[in-house]
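The values are calculated or read from the model by the stated rules, or taken from the named source; none is laboratory data. These numbers come from a predicted model, not from an experiment. Cβ placement follows ideal geometry from the backbone for every residue including glycine, while neighbour counts extend to all protein chains displayed.
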Amino acid sequence: MTNKLPTRDQVLQRLAEQLDDTTLERIFPGQCPDSIRQIAIGTPSGKNIAIDRFPPPPAPTPLANAQEGPSPSGRCRLFTDGASRGNPGQAGAGAVLLTENGEELATRSVYLGTCTNNVAEYKALLIGLEEALRQGCSELTIALDSELIVRQIQGRYKVKNEGLLPLFQQVRERLARFGKWSVTHVPRAQNARADQLANQGIDQKDR
């Protein structure tokens, strides 16, 4: 008796999960590994991520705190993004911290030097988590447009890249300091503010 062959979608999903960034960059030079994975995987059947119910951040405002602290409940929302022009290339991190009502608490825009897009994504998240802790947030809802990073943090994907593993561990350590947290994947359009800050971070290099 022969085993039932996997479907095309199952084959593509397994390959996307198993291939590391280095392999994907070699096969598809000049392309972002995350983008290749998203093309291969799409949204797996039965694993839809509820992105429509996660409202986007407000329109860009000046880089300043909007108020002194989180809402009395301690609930905050965090959007972060990492950008790398070249992958690896000049990179920046952006983070925007909001109250649960969408009021902007703080923003961060940081130049990271030269690194890959995935490293920039993790460093941006670490910067955002540090800001959330500094602002006194006790419950945090996180939104990223990198599906790979989200699934790694959720424990759905293993972190096989040795360069990402220490950053992943640092993220988990900081998340443990919140009373409650969740991480959600959102489309890039809903993460525009953090993306703007990440690219602004890269531009700081020439100032």
What's the number of the condition residue 112 fails, among (1) of a type outside the set (Ser, Thr, Tyr); (2) surrounded by 20 or more Cβ atoms within 10 Å (Cβ to Cβ); (3) touching a Leu at 6+ places or on another chain (Cβ under 7 Å); (4) at pLDDT 60 or above?
(3)
Here is a check on your reading of the model: is residue 145 assigned by TED's automatic domain parsing to the domain that holds residue 84 and farther than 22 Å from residue 40 by Cα?
no
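Report, by residue number, each residue of the stretch 86-98 that is out of contact with any helix residue (DSSP H, G or I) (no Cβ under 6 Å at 6 or more places or on another chain) and surrounded by fewer than 21 Cβ atoms within 10 Å (Cβ to Cβ).
Narrowing the stretch 86-98 to residues out of contact with any helix residue (DSSP H, G or I) (no Cβ under 6 Å at 6 or more places or on another chain): 86, 88-89, 98.
Result: 86, 88, 89.
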Residue 121 acidic (Asp, Glu) and within 16 Å of residue 83 (Cβ to Cβ)
yes
Any chance you could count how many residues in the stretch 167-207 are surrounded by 14 or more Cβ atoms within 10 Å (Cβ to Cβ) and in a helix (DSSP H, G or I)?
19
I want to confirm something. Restricting to the stretch 142-166 and keeping residues that are closer than 16 Å to residue 128 by Cβ and either in contact with a His (Cβ under 6 Å, 6 or more places away or on another chain) or among the hydroxyl-bearing types (Ser, Thr, Tyr) (or both), which single residue is surrounded by the fewest Cβ atoms within 10 Å (Cβ to Cβ)?
150
